[in-house]
Amino acid sequence: MLGIDDPYVLMAYLGAVSMAVIGIIYGLVRRNAARDEVTPEDRLWALDEKKVDDDF
Amino acid sequence: MTGHSSVGWVDIVVILAYLFATGYLGWLGYRGTRSAADFLVGGRSAHPIIMAVSYGATFISTAAIVGFGGVAGLFGMSLLWLTVLNIGFGILIAFIFLGEPTRRLGHHLGAHTFPELLGRRYQSRGIQIFAGALIFLFMPLYAAAVMTGGSIFAATQFGIDFEVALLIFALITAAYVIPGGIKAVMYTDTLQGFVMVFAMIFLLIFTYMSLGGITEAHQTLTDMADMVPAPLAQMGHQGWTAMPAFGWGAPTYDLWWTVITALVLGVGIGVLAQPQLVVRFMTVRSRRELDRAVPIGAVFILLMVGTPFVVGSLSNAWFAQNGPLLQGKVVEVIDAEKDRALVELMQQGESGAWTAILNPKTQAPVRAPMIIGERTSAQDGDGATFELVAGRSIAATYTKGDADKIIPAFIMAAMPHWFGVIFFLALLAAAMSTMSSQFHTIGTAAGRDLYERISDKGHQREPSILVMRLAIMIGLIIAVTISYTVRQEYVIARFTAIFFGLCAASFLPAYIGGLVSKRVTRAGALASMTVGMSVSLFWLAFIKAREASAIGLVQLVTDGKTSLLADYPNWPSVDPIIIALPASLLTLILVSAVTRPPDKAHLRRCFPD
């Protein structure tokens, strides 16, 4: 199949493409599934990170 | 080498235009919203494409494209298993299972670096210092791999010496990372990511088209299995579309253990514990943003690592069909019907006589598998008449066996010159986006995790910017020195594999254990990290023949052997990760089981939900 006789290499070739397809399906299915909120703790963390970055 | 290499004024203008565009985007970024943290501060979200491509551009470097692509040119498509693991572990498992717990734990504990995350999770200054030191000491090895990859390509493409290319590359890197490019400027990363995507799509399509389509190209390569050079066949190479021979206890299985344990597992699993990638999760706004980045990330990695592995392998078919003609004398017929033979390569001297080309290291005549196209009569140096054959060979013949040069040689020989410049920009982009993160990590490891922790005995201090900048300079100098001095077989892929494997064995159990288990203890984590690192370094210095022989200690204790297990086939090819990672995991479990659990108040802080 596809000019590749070794089943394990063929599996890797198709497996790599399949992994990407799984990623696409996952992203589409979960697109809005999780909560999307920034907590005060998140903001505090980002301010601290920004401070270090700016100093740098 | 093949083709015509030169650097014209158009090339210089295109490269400068790209560098200015990158600089301009960076400058625009500084004026407004620029880093992931800025997005988070503003309560907004970076577009998932920007987040994913920026992550991918940090993940993928010249090491993957030139180094591992070249290894695929040598060993074949079995390396595609690394693509499977890169997407499976590096994107799916990392984003879906580790991303959110890392983000939450980092924010709960106020951690900003990977060592700080571990140190605060386990309430241990020692763990933070340990992790910071390991990163500071060994990250330059990985940076050297990235730098070597870019420099080899530039040297090949523009016909300049490797040393000159390395110097230019180092100067561009210094100009990029020292004044501020070290910040995760997401738009710049994204521009770099898009250049990489364009280059890889074009490269993949062009290669398949030039070989008659997907199936035709693969079939041509499959039919070339009898042209595998003898030294590789003796290690278990069975063709470029076949897995290496699998088994244990004979040298004919060495290649399987090298490809699968060092290159596929070492790098494939090691990506989960890459400090510069783990911290990216903490800058993400929410779980939803992580979920949305998965598809883009998966496709990006497929293109970035799948393409060079496929193209690297197929370069053998391309050179065998279209490569420059080589001449020589038949030494052994491989297949009379297909007119394939093992040929002693020859060159014509000024007198018109043909003499053997000698290997500069061994002074032995160079032999290569060849598909013969022409046969003529010629005279050798002694005036004797012989049959001179002309034909084409596999990729490694044209690069004198140097895997690191296979992708550059293929691009230069097979692709239009303008694409070589675009590809160089893609490599520059891949290198810069990765190196900015590498040197940022080196800087924070030295300043925040080492200097502050050691000098202030655990109390918070303002980060020492001077130490960070100094560490970046030192890291850069070390990386350039390593690139300059170490030029061995597929060194780019090996350096990358060493660093990834070391990170996996030292950090992975403690990192994942800290995310998912409340029972893992400080002593367990520290013991696990110590065992993982010690076993890895011991294995590299005394067991794994290729690395051990380069380090040189093993020869001193074994009277010249390249491994303590040199008399036991396959052991010297096994990667440290196979021993060190299970040892590290077992240590984590056992030591945690017999030591006092962490206090409940701290665990409530780590896992408030």
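Exceeding 31 Å between C-alpha atoms, which entries from my cross-link table qualify? They are B:K405/B:K561; A:K51/B:K405; B:K338/B:K400; B:K400/B:K561.
Working: B:K405/B:K561 29 Å; A:K51/B:K405 43 Å; B:K338/B:K400 24 Å; B:K400/B:K561 27 Å.
Flagged as over cut-off: A:K51/B:K405.
Within 10 Å of each Cβ in peptide B:214-221, how many partner chain Cβ atoms are there on average? Round it to a whole number, please. Spell out each step's value before the answer.
Values: counts 4, 4, 1, 2, 8, 4, 1, 2.
Partner Cβ neighbours, averaged per residue: 3.
Subtracting the Cα-Cα distance from 0.36 nm times the residue separation, let me have the gained length for B:V557 to B:A601 in nm, one decimal. Don't skip to the end; give the middle numbers.
Details: separation 44, 0.36 × 44 = 15.84 nm, distance 5.07 nm.
Stretched out fully, the B:V557 to B:A601 stretch lengthens by 10.8 nm.
Mean residue ellipticity at 222 nm from the helices of chain B, using -39,500 (n - 2.57) per DSSP H segment of n ≥ 4 over the full residue count, to the nearest 500 deg cm²/dmol? Walk me through the intermediate numbers first.
Working: 28 runs with 359 residues, N = 609.
The helix contribution divided over chain B gives -18500 deg cm²/dmol.
Where does helix B:522-538 land angle-wise versus the long Cα axis of chain B, in degrees 0 to 90, nearest 10?
20
Kirkwood-based Rg over Rh for region B:291-353 (C-alpha set), two decimals? Spell out each step's value before the answer.
Details: Rg = 20.7 Å, Rh = 15.7 Å.
Checking Rg against Rh, the ratio lands at 1.32.
For B:I465, B:I296, which order do you get if you count the other beta carbons within 10 Å of each Cβ and list the fewest first? Don't skip to the end; give the middle numbers.
On the way: B:I465 13, B:I296 23.
Result, fewest neighbours first: B:I465, B:I296.
Take the alpha-carbon centre of region B:105-168, take the same for region B:335-350, and report the distance between them in whole Å.
Here the two parts' Cα centres lie 46 Å apart.
For chain A, compute Rh as the Kirkwood radius over C-alpha pairs and then the Stokes-Einstein diffusion coefficient at 25 °C and 0.890 mPa s; write the answer in µm²/s, rounded to an integer. Please report the intermediate quantities before stating the final value.
On the way: Rh = 15.5 Å.
Result for D is 158 µm²/s.
Which order, highest average first, do B:75-82, B:95-102 follow once you tally other Cβ atoms within 10 Å for each residue and take the mean per peptide? Before the final figure, lay out each step's value.
On the way: B:75-82: 27.9, B:95-102: 20.2.
Those peptides, ordered most packed to least, come out B:75-82, B:95-102.
Where does helix B:48-59 land angle-wise versus the long Cα axis of chain B, in degrees 0 to 90, nearest 10?
60
Let me confirm one metric for peptide B:74-84, namely the mean number of other chain beta-carbon atoms within 10 Å of its residues' beta-carbons. Write down the numbers at each step before the final one.
On the way: counts 0, 0, 2, 7, 4, 2, 11, 7, 2, 7, 9.
Mean shielding by partner chains, rounded to a whole number: 5.
If you wrap a convex hull around the C-alpha atoms of the protein assembly as shown and split its volume per residue, what is the figure in Å³? Spell out each step's value before the answer.
Details: hull volume 104.0 nm³, N = 665.
In the protein assembly as shown, the Cα convex hull volume per residue is 156 Å³.
What's the longest bit of chain B with no exposed GluC sites (Glu not before Pro), using DSSP loop states and at most 12 other Cβ atoms within 10 Å as the test? Don't skip to the end; give the middle numbers.
Working: sites that count: B:E337, B:E350.
With a cap of 12 other Cβ atoms within 10 Å, the longest stretch comes to B:1-336.
Kindly list the residues of region B:58-87 that lie in the label zone of B:A550, defined by a backbone N under 20 Å from the point 7 Å along the Cα-to-C-beta vector.
Zone members listed by number: B:61-76, B:79.
What is the helix-to-structure angle for A:7-29, meaning the angle in degrees between its Cα long axis and the longest Cα principal axis of chain A, kept from 0 to 90 and rounded to the nearest 10?
40
Which value, in Å to one decimal place, does the Kirkwood hydrodynamic radius take for region B:331-473 when every pair of different Cα atoms is included? Please report the intermediate quantities before stating the final value.
Details: mean 1/r = 0.0490 Å⁻¹.
This gives a value of 20.4 Å.
What fraction of the DSSP beta bridges in region B:288-389 is antiparallel, stated in percent and rounded to the nearest 5? The partial results should precede the final answer.
Details: 21 of 22 bridges.
Within region B:288-389, antiparallel bridges account for around 95 percent of the total.
Give the lysines whose C-alpha is closer than 22 Å to that of A:K50, dropping any in the same chain fewer than 8 places away, or say none.
Of all the lysines, those that pass the test against A:K50 - Cα under 22 Å, at least 8 places apart if same chain - are B:K183.
Taking θ as phi - 60°, what are the ³J(HN,Hα) couplings along region B:146-160 by the Karplus curve (6.51, -1.76, 1.60), each to the nearest whole Hz, with x for Gly and Pro?
Going residue by residue, I get 5, 5, 4, x, x, 5, 4, 5, 4, 4, 5, 5, 9, x, 10 Hz, with x marking Gly and Pro.
For B:L171, B:L255, B:L191, what ranking results if the residue with the fewest other Cβ atoms within 10 Å of its Cβ goes first?
Placing the least packed residue first, the sequence is B:L171, B:L191, B:L255.
Could I get the Rg over Rh figure for region B:323-398? Both from C-alpha atoms, Rh via Kirkwood, rounded to two places.
Details: Rg = 12.0 Å, Rh = 12.6 Å.
When Rh is taken as the Kirkwood radius, the ratio is 0.96.
For B:283-291, what's the mean count of beta carbons from other chains sitting within 10 Å of each residue's beta carbon?
Details: counts 3, 1, 5, 7, 6, 8, 2, 3, 10.
Across B:283-291, the average partner-chain Cβ count within 10 Å equals 5.
Can you tell me which lysines have their Cα less than 21 Å from the Cα of B:K518? Leave out same-chain residues fewer than eight positions away.
Counting by Cα, and skipping residues close in sequence, B:K518 has these lysines nearby: B:K600.
What is the Rg over Rh value, at two decimals, for chain B, using alpha-carbon atoms and the Kirkwood definition of Rh?
My calculation puts Rg/Rh at 1.00.
Would you order B:I160, B:I260 from fewest to most other beta-carbon atoms within 10 Å of each residue's own beta-carbon? List each step's numbers first, then the result.
Values: B:I160 17, B:I260 23.
The most exposed by this proxy come first: B:I160, B:I260.
Only the coordinates and a few stated rules stand behind these numbers; no lab work does. All figures in this text were calculated on a predicted structure; none of them were measured in a lab. Glycine gets a Cβ as well: all are built from the backbone with ideal geometry, and neighbour counts include every protein chain shown.
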